[in-house]
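Enquirer: Take this structure first; my questions come after.
Laboratory data are not the source of any read-out in this text; all were calculated from the coordinates shown. Computed from a predicted model, the values in this text were never measured in an experiment. All Cβ positions, even for glycine, are placed from backbone atoms using ideal geometry, and neighbour counts span all protein chains on display.
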Amino acid sequence: MGHPDFAITLAICVAIVITTTFVTYSEGAPRAFFVFGDSLVDNGNNNFLATTARADSPPYGVDYPTHRPTGRFSNGLNIADLISKQLGADPTLPYLDPALDGDKLLVGANFASAGIGILNDTGIQFVNILRIYDQLNLFQQYQQRVSALIGAEQTKRLVNGALVLITLGGNDYVNNYFLTPISVRQLEYNIQDYSRIVINEYTKILTRLHDLGARRVLVTGTGPLGCVPAELALWSSNGECANELQQATKIFNPLLIQMVTRLNQQLSSDIFVAVNAMELQNDFINKPKEFGFVTSKIACCGQGPYNGLGLCTTASNLCTNRDEYAFWDAFHPTEKANKIIVKTIFTGSDKYMSPMNLSTIMEIDSL
């Protein structure tokens, strides 16, 4: 989001048999996991790119197991990591990481890149980032690499059986439509028409993902964009959420759920699962103390009102107990908030997950 931008990681302990130059996996191998999207799920791809949208300096990663920055926009683990952890797997590696090679490819890959959006002109200020069609092209390249290891037929089986997470949309508002007080997009469209254009483009992206073999895809909506510390710092005088951004979120999320329902009907299968991120985050933003937070308005790391201005750096204010804060920096949740999000992805009702939660998906797919 904002500076950049929520996700899932299902790595797999693949039973690998190495013969001369071939790697194979067994029929019962756990499924692979693929991640696409923005800074909410980027786990280090932007470290390998010449861009300002990166989180490879302290205090990012202060609570990560190594206590070092990794490129994740978090104090610790992000959503993708936490889903992997709950499934008993290691996090997937960033696709641009040279360490992702050989049998590690069979675990899956993370293609996400901070700063991107659904629209191609979103995040242009960050210059060299992996826009969504770049990510999908790399996914195609990934499949070619895996085919060289295990053959085309087994690669198709691995991809078809994988879990996929895609997290997009927040930047199309924060870093595009509302980037400046009067943006080019605002002059072209009102917020309803703009949101429909964004959703229409998202439909094409998801269709392409399906064409590339994805058969189980978690599609996240946007969180309450007007309530993040960055927007409170700009627009709020007494802690109220920024109204225009909140309205945008309220328009986008229902359109996303309708799109997912429509795509599934066209494909005659529940391939896509919508995650209503606004409803999900509203719980702890509106009632922080019920979730053990001291505040859901002030970022742990930052400066200015609500610690919402500028970047999180070693010169910023830094809270001592990250578990008391819902937001780590001006735009991104803390690891604790991410844990709440992931718990809801696994077990949440249809208020949050449509048409089903991740636990139900795992149960169905195990049959």
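Enquirer: Working out 0.36 nm times the residue gap between E244 and D323, then minus their Cα-Cα distance, what length gain in nm do you get to one decimal? Could the numbers behind the result be given before it?
Expert: Numbers: separation 79, 0.36 × 79 = 28.44 nm, distance 2.94 nm.
Full extension from E244 to D323 adds 25.5 nm.
Enquirer: Label-point separation (nm) for S237 and L367, each offset 7 Å from Cα along Cα-to-Cβ?
Expert: Those two pseudo-labels are separated by 5.7 nm.
Enquirer: Which order do the peptides 31-38, 288-295, 88-95 take when ranked by the mean count of other beta-carbon atoms within 10 Å per residue, highest first?
Expert: The packing order, highest mean first, is 31-38, 88-95, 288-295.
Enquirer: Moving on. Of (i) 46, 24, 16; (ii) 60, 21, 17; (iii) 32, 23, 19, which one was derived for semi-axes √(5λ) of the Cα gyration tensor in Å from the structure shown?
Expert: The calculated read-out lines up with (iii).
Enquirer: For a test of the definition: using alpha carbon positions, the gyration tensor, and the 1.5 limit on a/c, classify the range 78-153 as rounded, prolate or oblate.
Expert: On the way: a/c = 2.43, a/b = 1.36, b/c = 1.79.
Oblate is the answer for the range 78-153, as a/c is 1.5 or above yet b/c matches or exceeds a/b.
Enquirer: Per residue of the range 108-122, what does 6.51 cos²θ - 1.76 cosθ + 1.60 with θ = phi - 60° give for ³J(HN,Hα)? Whole Hz please, x for Gly and Pro, Karplus curve as stated.
Expert: x, 6, 10, 9, 5, 9, 4, x, 7, x, 6, 7, 6, 8, 6
Enquirer: If you take the Cα atoms of the range 242-362, find Rg, then find the Kirkwood Rh from the mean of 1/r over all pairs, what is Rg/Rh?
Expert: Details: Rg = 16.7 Å, Rh = 15.9 Å.
Answer for the range 242-362: 1.05.
Enquirer: Okay, moving on. Taking a 29 Å limit on the Cα-Cα distance, which of the listed pairs K297/K339; K156/K336; K104/K351; K204/K297; K104/K250; K85/K204 fall beyond it?
Expert: K156/K336; K104/K351; K204/K297; K104/K250; K85/K204
Enquirer: Any chance you could check the Cα centroid distance between the range 235-259 and the range 284-329 for me, in angstrom?
Expert: Taking the Cα centre of the range 284-329 as reference, the centre of the range 235-259 is 20 Å away.
Enquirer: Could you tell me the center-to-center distance, by alpha carbons, between the range 31-59 and the range 107-180 in angstrom?
Expert: If you average the Cα positions of each part, the centres end up 11 Å apart.
Enquirer: Using only the alpha carbons of the range 172-252, determine the length spanned along each of the three principal axes and report them from longest to shortest in whole angstroms.
Expert: 48, 27, 17
Enquirer: Full-extension gain between K351 and T314, please, as 0.36 nm times their residue separation minus the C-alpha to C-alpha distance.
Expert: Values: separation 37, 0.36 × 37 = 13.32 nm, distance 3.94 nm.
Result: 9.4 nm gained on full extension.
Enquirer: Rounded to whole Hz and in sequence order, give me ³J(HN,Hα) for the range 49-54 from the Karplus expression 6.51 cos²θ - 1.76 cosθ + 1.60, θ = phi - 60°, writing x for Gly and Pro.
Expert: Those phi angles translate into 10, 7, 8, 7, 7, 8 Hz.
Enquirer: Quick one: if you stick a label point 7 Å off each Cα along the C-beta vector at L267 and S359, how many nm between them?
Expert: 2.5
Enquirer: Report ³J(HN,Hα) in whole Hz for each residue of the range 90-97, in order, from the Karplus equation J = 6.51 cos²θ - 1.76 cosθ + 1.60 where θ = phi - 60°; Gly and Pro get x.
Expert: Going residue by residue, I get 7, x, 5, 7, x, 4, 7, 6 Hz, with x marking Gly and Pro.
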